[in-house]
1. Select, from 53, 105, the only residue that is within 9 Å of the ligand (Cβ to nearest atom) and over 26 Å from residue 172 (Cα atoms).
2. Would you call residue 19 within 16 Å of the ligand (Cβ to nearest atom), farther than 28 Å from residue 241 by Cα, in a helix (DSSP H, G or I) and modelled with pLDDT of 95 or more?
3. Of the residues 241, 245, which is free of Cβ contacts under 8 Å to residues at least 24 places away in the same chain, more than 30 Å from residue 179 (Cα to Cα) and within 19 Å of the chain's Cα centre (by Cα)?
4. For segment 71-91, which residues satisfy the criterion of being more than 9 Å from the ligand (Cβ to nearest atom) and surrounded by fewer than 20 Cβ atoms within 10 Å (Cβ to Cβ)?
5. Check whether at least one residue in segment 240-259 is more than 28 Å from residue 34 (Cβ to Cβ) and at pLDDT 95 or above, and report yes or no.
6. Considering only residues that are farther than 23 Å from residue 39 by Cα, in a loop (DSSP other than H, G, I, E, B) and either more than 9 Å from the ligand (Cβ to nearest atom) or touching a residue at least 60 places away in the same chain (Cβ under 8 Å) (or both), which ones fall in segment 108-144?
7. Just to be sure before I move on: is residue 93 farther than 30 Å from residue 191 by Cα and assigned to a loop (DSSP other than H, G, I, E, B) in the structure I sent?
8. Tell me, which residue of segment 22-50 that is part of a helix (DSSP H, G or I) and more than 18 Å from residue 246 (Cβ to Cβ) is farthest from the ligand (Cβ to nearest atom)?
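The values are calculated or read from the model by the stated rules, or taken from the named source; none is laboratory data. Quick caveat: nothing in here was measured; it's all calculated off a predicted structure. Ideal geometry is used to build each Cβ from the backbone, glycine not excepted, and the neighbour counts take in all protein chains shown.
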Ligand SMILES: C[S@@+](CC[C@H](N)C(=O)[O-])C[C@H]1O[C@@H](n2cnc3c(N)ncnc32)[C@H](O)[C@@H]1O
């Protein structure tokens with residue numbers, strides 16, 4: 001089951017407004033891109049010769065595809081949102097890079113090429129709402145990796161003991177457009193394995209103000225549920241674990257009740273080279 005992308009009554013989907021998404025998520029882009037290079041050097045059984053071939057499932061506004069292109073890598077991305085793809089394409093072309101972008105879904109994508117590295121950060125993986133689609137996604141990624149290549153997967157873990165709503169709030173701005181982002185998450189439902197999320201973007205531009213309100217659901221995971229899922233995809237092996245500090249000198253164990261994890265999954269050698 002994949003997230004229903006239609007907004008509810010009176011809502012707009014923030015992914016239909018790539019610029020605002022891009023402004024609020026851009027703050028960590030360079031540390032994430034550098035972290036990906038460091039993780040590759042540490043964990044992949046491959047060389048970074050003249051740049052890597054890199055895939056980003058659900059690439060969104062393409063902020064990381066652009067950063068990695070400027071570091072000399074050959075990037076490919078896909079997303080379910082045509083607006084996001086268009087935004088990403090325009091930015092790559094404006095910077096002089098050839099866009100390699102597709103309109104596809106995480107659990108069914110097919111691209112006729114294999115990659116040195118794939119990555120999917122900021123909890124995007126949790127849009128896959130059930131076991132079947134999350135496993136299908138991991139298997140698809142494994143099938144698109146060269147042997148010894150890695151998949152870097154970052155998302156928030158759920159603490160089922162927590163019964164309080166959580167709020168994250170931050171701001172971003174670019175060329176006269178200011179965006180406040182407030183994300184509320186309801187306590188996770190341990191039986192349904194779902195959490196309700198809401199994002200409010202308060203936008204100010206050209207003396208204009210608007211509010212974009214989006215609600216969605218995420219699938220929930222604690223550390224054991226991650227391990228169980230990974231054990232069902234033997235083509236990928238967990239070889240490293242970090243957190244959202246994006247520091248390879250600070251490896252972690254995959255254990256609850258950590259709030260966020262970045263898993264490094266290596267393609268086992270011998271298949272689909
Ligand atoms: C939080 S954004 C992440 C974008 C980008 N990866 C980044 O790090 O900035 C989530 C993206 O996932 C896309 N998405 C959600 N469900 C998807 C699916 N089933 N298949 C492909 N893309 C999906 C959305 O359209 C959105 O662009």
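1. One residue alone meets the criteria, 105.
2. Taking the combined requirement at face value, the residue satisfies it.
3. 241
4. 71, 72, 74, 82, 86, 89, 90, 91, listed by residue number.
5. no
6. Those that are farther than 23 Å from residue 39 by Cα, in a loop (DSSP other than H, G, I, E, B) and either more than 9 Å from the ligand (Cβ to nearest atom) or touching a residue at least 60 places away in the same chain (Cβ under 8 Å) (or both): 110, 111, 112, 129, 130.
7. Judged against the criteria, residue 93 is not a match.
8. 23
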